[in-house]
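J.: The structure is given below, and queries will be raised subsequently.
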Amino acid sequence: AARADEVEPDGQPNARNIPTGTLKTNIYYHLGLAHYLKGDFAGAAEAYQLCMQHSKNADMQVATAHWQYMTLRRLNRVADARKVLEPITASMDVFENGSYHKLLLMYKGETGTDALLSSVKAGGLDGATVGYGVANWHLYNTRSAEAQKILGDIVEQNTTQWAAFGYIASEAELARMRK
């Protein structure tokens, strides 16, 4: 924590060739994801709170806000989750994490789930990302059958995207549902 933060070069450059993550955001973001995937939502919430403190650009803000929002909803901290959405606007300059941005706008009620799902290609990275966000939204809105169907579709249709966080989270969620 005492070490100064610094930009971490991207292993996979984006369209603008501008790194969006820093050492601290990448550490806290992936720590939060690890807790989330294990079902340790309290640990994930703590990591994402720290990540947001270091997120200085729109891309990191939407990526962090997406997982932070979902985490808080899973903890039934609805008011805190709504606060995460307050700074999110359609006009944000997001060039790397567009799927997370679209999901956050959906959580705000600015677009519907069907429109969002139909806007992405099944079997692609965005399909896994958006699909998991929509499935999770159904899950914490007590529509587990819809959630389970979408999660199953992600795992079946996105076999080339097995490293995508939405795909991995779908597998973890399906495993929790089967217990």
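J.: What is the one condition in (1) over 14 Å from the mean Cα position of the chain (by Cα); (2) crowded, with 22+ Cβ neighbours inside 10 Å; (3) not in a helix (DSSP H, G or I) that residue 154 does not satisfy?
T.: It fails just one condition, (3).
J.: Restricting the search to the stretch 95-130, which residues are surrounded by 18 or more Cβ atoms within 10 Å (Cβ to Cβ), outside any helix (DSSP H, G or I) and hydrophobic (A, V, I, L, M, F, W, C)?
T.: 120
J.: Are any of the residues in the stretch 132-141 surrounded by fewer than 17 Cβ atoms within 10 Å (Cβ to Cβ) and assigned to a helix (DSSP H, G or I)? Give the derivation first.
T.: Step one: filter the stretch 132-141 for residues surrounded by fewer than 17 Cβ atoms within 10 Å (Cβ to Cβ), giving 141.
Now drop any that are not assigned to a helix (DSSP H, G or I), which leaves none.
No, the stretch 132-141 contains no residue that is surrounded by fewer than 17 Cβ atoms within 10 Å (Cβ to Cβ) and assigned to a helix (DSSP H, G or I).
J.: Given (1) of a type in the set (S, T, N, Q); (2) under 21 Å from residue 167 (Cβ atoms); (3) assigned to a helix (DSSP H, G or I), where does residue 12 come up short, assuming only one miss?
T.: (3)
J.: Can you find a residue that is under 21 Å from residue 41 (Cβ atoms), surrounded by fewer than 23 Cβ atoms within 10 Å (Cβ to Cβ) and acidic (Asp, Glu) anywhere in the stretch 64-81? Show your work before the answer.
T.: Start the filter on the stretch 64-81 by keeping residues that are under 21 Å from residue 41 (Cβ atoms), which leaves 64-81.
Within this subset, residues satisfying the condition of being surrounded by fewer than 23 Cβ atoms within 10 Å (Cβ to Cβ) are 73-81.
From what's left, acidic (Asp, Glu): 80.
Yes, there is a match, as at least one residue in the stretch 64-81 is under 21 Å from residue 41 (Cβ atoms), surrounded by fewer than 23 Cβ atoms within 10 Å (Cβ to Cβ) and acidic (Asp, Glu).
J.: Just to be sure I understand, how many residues within the stretch 39-49 are in a helix (DSSP H, G or I) and either in contact (Cβ under 8 Å) with a residue 24 or more places away in the chain or of a type in the set (Gly, Ala, Ser) (or both)? Before the answer, list the steps.
T.: Here is the first cut: in the stretch 39-49, the residues in a helix (DSSP H, G or I) are 41-49.
In the following step, the residues that additionally are either in contact (Cβ under 8 Å) with a residue 24 or more places away in the chain or of a type in the set (Gly, Ala, Ser) (or both) were identified as 41-45, 47.
Qualifying residue count, the stretch 39-49: 6.
J.: Look at residue 156 and say whether it is under 26 Å from residue 35 (Cβ atoms) and outside the structural domain of residue 32 (by TED's automatic domain parsing). Talk me through it step by step, then tell me what you get.
T.: Values: under 26 Å from residue 35 (Cβ atoms): no; outside the structural domain of residue 32 (by TED's automatic domain parsing): yes.
So residue 156 fails the test.
J.: Is one or more of the residues making up the stretch 20-36 in contact (Cβ under 8 Å) with a residue 60 or more places away in the chain, in contact with a Phe, Trp or Tyr (Cβ under 9 Å, 6 or more places away or on another chain), not aromatic (Phe, Trp, Tyr) and not in a helix (DSSP H, G or I)? Can you show your working first?
T.: Of all residues in the stretch 20-36, those in contact (Cβ under 8 Å) with a residue 60 or more places away in the chain come to 20, 33, 36.
Still in the list and also in contact with a Phe, Trp or Tyr (Cβ under 9 Å, 6 or more places away or on another chain): 20, 33, 36.
Remaining after also requiring not aromatic (Phe, Trp, Tyr): 20, 33.
Keeping just the survivors that are not in a helix (DSSP H, G or I) gives 20.
The answer is yes, given that some residue of the stretch 20-36 is in contact (Cβ under 8 Å) with a residue 60 or more places away in the chain, in contact with a Phe, Trp or Tyr (Cβ under 9 Å, 6 or more places away or on another chain), not aromatic (Phe, Trp, Tyr) and not in a helix (DSSP H, G or I).
J.: Take residue 84 and decide whether it is in the same structural domain as residue 37 (by TED's automatic domain parsing), at pLDDT 95 or above and aliphatic (A, V, I, L, M).
T.: Values: in the same structural domain as residue 37 (by TED's automatic domain parsing): yes; at pLDDT 95 or above: yes; aliphatic (A, V, I, L, M): yes.
Criteria met by residue 84.
J.: Any chance the stretch 86-94 includes a residue that's without any contact (Cβ under 8 Å) to a residue 24 or more places away in the chain and assigned to a helix (DSSP H, G or I)? Break it down stepwise before answering.
T.: Applying the first criterion (without any contact (Cβ under 8 Å) to a residue 24 or more places away in the chain) to the stretch 86-94 yields 86, 89-91.
From the residues that got through so far, the ones that are assigned to a helix (DSSP H, G or I) too are none.
So far as the stretch 86-94 goes, no, none of its residues is without any contact (Cβ under 8 Å) to a residue 24 or more places away in the chain and assigned to a helix (DSSP H, G or I).
J.: Applying the selection to the stretch 166-179, what residues are surrounded by fewer than 21 Cβ atoms within 10 Å (Cβ to Cβ) and touching a residue at least 12 places away in the same chain (Cβ under 8 Å)?
T.: Scanning the stretch 166-179 gives 168, 171, 172, 174, 176, 177.
J.: Among the candidates 127, 131, single out the residue that is at pLDDT 95 or above and either in contact with a Pro (Cβ under 6 Å, 6 or more places away or on another chain) or under 21 Å from residue 63 (Cα atoms) (or both). Break it down stepwise before answering.
T.: Details: 127 fails: at pLDDT 95 or above.
From the options 127, 131, the qualifying one is 131.
The values are calculated or read from the model by the stated rules, or taken from the named source; none is laboratory data. Being a predicted model, the structure only gives us computed values, none of them experimental. Please note: Cβ atoms are built from the backbone with ideal geometry, for glycine as well, and neighbour counts cover all protein chains shown.
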